[in-house]
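Below is one structure, written out as structure tokens; the observations come after it.
The values are calculated or read from the model by the stated rules, or taken from the named source; none is laboratory data. Worth saying up front: this structure is predicted, and the values here are computed from it rather than measured. Cβ coordinates were reconstructed from backbone atoms using ideal geometry, including for glycine residues, and neighbour counts include every protein chain displayed. Just so you know, the surface numbers come from the protein's heavy atoms only, side chains and all, with ligands and any DNA or RNA stripped out. Shrake-Rupley method; radii C 1.70, N 1.55, O 1.52, S 1.80 Å.
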Amino acid sequence: MASTSSSGFPSVPHDEPQSLSPTAYTVGWLSALLTEFKAAQAMLDKRHNPLETVSNKNDKNDYVLGSIGKHNVVMVCLAEYGVVRAAATVSTLLSSFVNIRLGVMVGIGGGIPSEDHDIRLGDIVVSMPTGEHGGVIQYDIGKIEKDGFYRVHSLNKPDMQLRNVVNTLKTKHDLEQQISNLKTEAFKPFPRWEKEFKQPGTSDRLFNAQYQHVGNNRTCDGCDEANLEVREDRADSTIPEIHYGNIASGNSVIKNAEDRDRLAKRDNVICFDMEAAGLMDDLPCLVIRGICDYADSHKNKQWQPYAAAAAAAYAKVLLLHIRPQAVEELRPIRNSHWIVSKSVNSFFTGRQRILQTLQERLCQDDDKQNIEQKRFVIHGIGGSGKSEHNLLINRSRFWGVFWVDATTEESMRRGIIGAAQRVSNASGMTFEDAKIELANFQHTWLLILDNADDPEINYEDYFPTGNTGNILTTTRNHDCIKYGSAGHETFEKLDLEDAVTLLLKSSKIAEERWNANKADACTVGICKLQNYQILFEHQRKELLEDHFAQGKSTYGSVYAAFDVSARAMEKSSRRDWRDALALLKILGYFYRDNIPEETFTRAWSYSHEVSDWGPHGSVKTLSPWHVHHIRKVLRPQTSSQALDLFALGKARQVLRSFSLITLEPETGAISMHPLAHAWTRDRLQSDEQIDAWAATSSILALSMKGYNSYDDYIINIRLQSHFKFCFQLRPSKTLNICPGLEICRTLYAFWWMFYRLENAQPAHEIATLLMSWGNLAKAYLTNGEARKAAMLLRYVHFMQEKTLGSTHDWNLITQHALAVAYLRLNQTEKGLLFLEKVVRIWQENQQDPTHPYLLVARKDLAIAYMDVGQPHKALYHFQERARIYAETLRPDDPKRSDLEEWLSSCEAAIMQQYDDARMENSSSTKNAGVYEFKIREAFPNSSVEFDLDDLSEVETPSISDESSLEISDTSDGSASGADSGPRDEQDGFGERRAGPEEAIAALKIENLNQEVEA
């Protein structure tokens, strides 16, 4: 609630303070700085008691009340700098003091010296219409046209009564002396202030425009006086001169002399300030500025108190020359009816261009009559500031402003009936009576329909007719822009400068630290501004749920505004709203810009080619699992299996009607605001996020549709951002919920697209992830699912060939595991090919024969040889292991006893082959002799010989010929080769259960994952 107090300042030493009603005050006096506020209070002839209460309960201004001459004056100081804050302060001032009839904005400004205006420090500038301008212009609002800068809006002029008094004062020959004397006398009752507001001892120095201030000193003692402008001395520097002209007002401090002179020439201005433009539409006041600097890099605060006192003294002289009767004859500045329950949020920032457009379209000058009713629509996502923006409209142009909650039909009926009853002083009206009353009212009025978001309401049914009325509608529903006969505007994201300003403002950083050169170093509460975006990406949800107790949104957190739309769809039984919710869930895992309709149509078309495939297809191919997930979002027509494009289109229209998405007019591509896009994911529970990601990734993978033609190539180029975003946002627990093989199929499709498009970075990221999923293959092997393990390992190996090369350690580990999988599937020949290659390359790569990977590979190869009936080849690798174990292991190590058992089995197999050969070749003494010779050569201390063949140089099948690596379906449960030595038991599905050495081979994949993480 507003308060009226002394604000800690000394009371004016006069008679006992009076207590007056708020309606007794007719003059509003505004200050922007505490220094200006002190000077203002020193000018009061009498100080009044503060008010106990004011009519506007949302008014948080702090007022000082008193009188100057016979005028009762209410004084207020802005809480913050800037045009927007000034407008907000005036808005609440006028709602609490409804009888204010004229106003003055009194304070300091930056002077613009020129040949026409010899402006010095301590002089006074009074805003008076000059040229095509009304006395105050907003220099930072306009359009850049090909022929230069074009201003889109002109501000109100001061009231004619004030301008006439100013012109009268111009004729007083002793005006300047009177102001100087008044300034001296006013501070004598305030000893503590008297010294502060005296003329400073520092000289008045004006440097040429090209010369910049030296260092960071507060004074110009270090600046080179050779760069001073030469000016004539004044006869008496203590007497200020008064200048009349246009004042330039904006949201930035001008501290550059070259910019100062350029703007002065462009806009015909003689002074800069930061507040006046925010007042003129709501409070057409006279702006009075004491010059404290020259709007250049040399500006400092030493002249501010003296300049503020000079301006305040002029304002008092002005009021003393205005007859009280003349003020009473003026109409109150505030419109007669301001039926608005809200006040401006102090954090509201930007949107100045839209505000200017709105005022041009709806706010007519007094001498212009409406030919037809004007309707304007502001459209945008929830929480973008549509409602706050409308509080800044120039309401002084309307006899009445009526704010109506358009959330429901009933709330609109109540609001319109209430407005009509207020203007007619009647009661018991029906809704139709209320519309007729407003339609026939002779004064101009503005009806604000706020939150007209419901797609099922025809809002035109609630518009009163009549040419004196204007209707302003705020909506999330894109379809409502058709009501804007006078135009419409869409609230999109803030400009970068406004966005930074809002962040700094909400972080409670002092405005003097907002300098553009220092902004990156500012600490916004929890981090440096330059690091805020990174923090936002990682802790977005927590930051968006945080808000201040003061200045918070009506909805609460940022996400709450979006949740209103989601809850409305969840409560509806309409099919298109349910389809919209399903579509909304997956959009968060696409990139937020340009999601083409073609993605959905291609995915649906390709899904028919995979819908009947069995679960044991290649990793390269997608499966019914992917088709199932896209049908959670897309559905067929009722009469065929074609995609129901009509249903998809209606779902998009529903989301657009809530401003959750935008649609590209020609292609129908979907885009989303970054906050709405993030909200679509954050609103989901963990399992819902995984399901939504699975559906999105399935649509993207299926949309590739073979990815072979040139058209596919072009389409996939456009989709790259969506594939990359979807991959990066995969939920961490996806593998805990979704089948691992299906996720591998999805990501393989992603990898293949990036690989074909030669986009190395995402291709490498996906390949690295898939290559680290050897743990999944290990799990498949351990669980007896060798077929799944082989499918996964084949394509991990394929990617490693492309990215790492055939001899890389990771690739060898994968090939070893793949060989084990093939052996489990009784595809022994393929397993042997890979094992022989792995052992050969390990031997070439590793100088150390004791390397554990090489030892395990030898063991698995030897067992495979035993299985195919080649114990003479197996024995070589067993003997190598025995030699190394003898050198490295203790005699009682269990590995040595296990190896001895395998050696005994191998020898027994060889002897059996020898006996069989002798029996089969008994008629051929030559053959038997050769075989016996080889056995004795291999076993000189034994009765057995072995044919010591070297490893065959067997070529691995070409990787590009993937058909040679396909997994056959021949798994009848029989093992080839001699049935000797320790054997893995056969399971009932034709796959061997993991033996101890094979388990070790599978476990080696874990090392790969650890290396990736490292």
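Extension gain for Leu20-Ala439 works out to 147.0 nm (0.36 nm per residue, less the C-alpha to C-alpha distance). Here the stretch 159-199 is treated as a sphere whose radius is the Kirkwood value from Cα pairs; by Stokes-Einstein at 10 °C and 1.306 mPa s it diffuses with a coefficient of 132 µm²/s.
On full extension, the segment bounded by Asn216 and Thr202 gains 3.3 nm, given 0.36 nm per residue less the C-alpha separation. Apply 1/(1 + (r/R0)^6) to the Cβ-Cβ distance of Arg414 and Glu460, taking R0 = 25 Å, and write down the FRET efficiency to the nearest 0.05. So, using R0 = 25 Å, E works out to roughly 0.85. Computed from backbone phi, the HN-Hα couplings of the stretch 739-750 come to x, x, 5, 5, 5, 5, 4, 4, 5, 4, 4, 4 Hz, rounded to whole numbers (Karplus: 6.51 cos²θ - 1.76 cosθ + 1.60, θ = phi - 60°; Gly and Pro given as x). Accessible area per residue for the stretch 207-318, computed on protein heavy atoms with a 1.4 Å probe, is 40 Å².
Suppose the Debye formula is applied to equal point scatterers at every Cα of the stretch 638-705; what is log10 I(q)/I(0) at q = 0.12, 0.16, 0.25, 0.26 Å⁻¹? Here log10 of I(q) over I(0) equals -0.42, -0.76, -1.26, -1.25. When the accessible area of the stretch 191-286 is computed with all protein chains present and a 1.4 Å probe, what percentage of it is carbon and sulfur? Carbon with sulfur: 44 percent of the solvent-accessible area. Other residues lying with their Cβ under 12 Å from the Cβ of Glu185 contribute a combined charge of +1, Lys and Arg counting +1, Asp and Glu -1. A simple spin-label model places pseudo-atoms 7 Å from Cα toward Cβ; at Leu729 and Leu645 they are separated by 2.6 nm. With the gyration tensor restricted to C-alpha atoms of the stretch 395-490, the semi-axes of the equivalent ellipsoid amount to 21, 16, 11 Å, longest first.
Carbon-plus-sulfur fraction of the accessible area of the stretch 555-689, 1.4 Å probe, in percent? It is 51 percent, rounded to a whole number.
Pairwise alpha-carbon distances in the stretch 585-682 exceed 21 Å for 41% of all pairs. Counting 0.36 nm for each residue step from Thr782 to His173 and taking away their Cα separation leaves a gain of 208.7 nm. Taking Lys and Arg as +1 and Asp and Glu as -1, the other residues whose beta-carbon sits under 12 Å from that of Gly649 total -1. Pairs of C-alpha atoms in the stretch 856-900 farther apart than 16 Å represent 35 percent of all such pairs. Report note on the peptides 441-454, 855-868: ranked by the mean count of other C-beta atoms within 10 Å, highest first, their order is 855-868, 441-454. Going down the table (Lys188/Lys301; Lys46/Lys316; Lys198/Lys255; Lys157/Lys183; Lys188/Lys316; Lys170/Lys316), which pairs top 18 Å between alpha carbons? From Lys188/Lys301; Lys46/Lys316; Lys198/Lys255; Lys157/Lys183; Lys188/Lys316; Lys170/Lys316, over 18 Å: Lys188/Lys301; Lys198/Lys255; Lys157/Lys183.
Listed peptides 675-682, 566-573 appear in the order 675-682, 566-573 once ranked by packing, highest mean of other Cβ atoms within 10 Å at the front.
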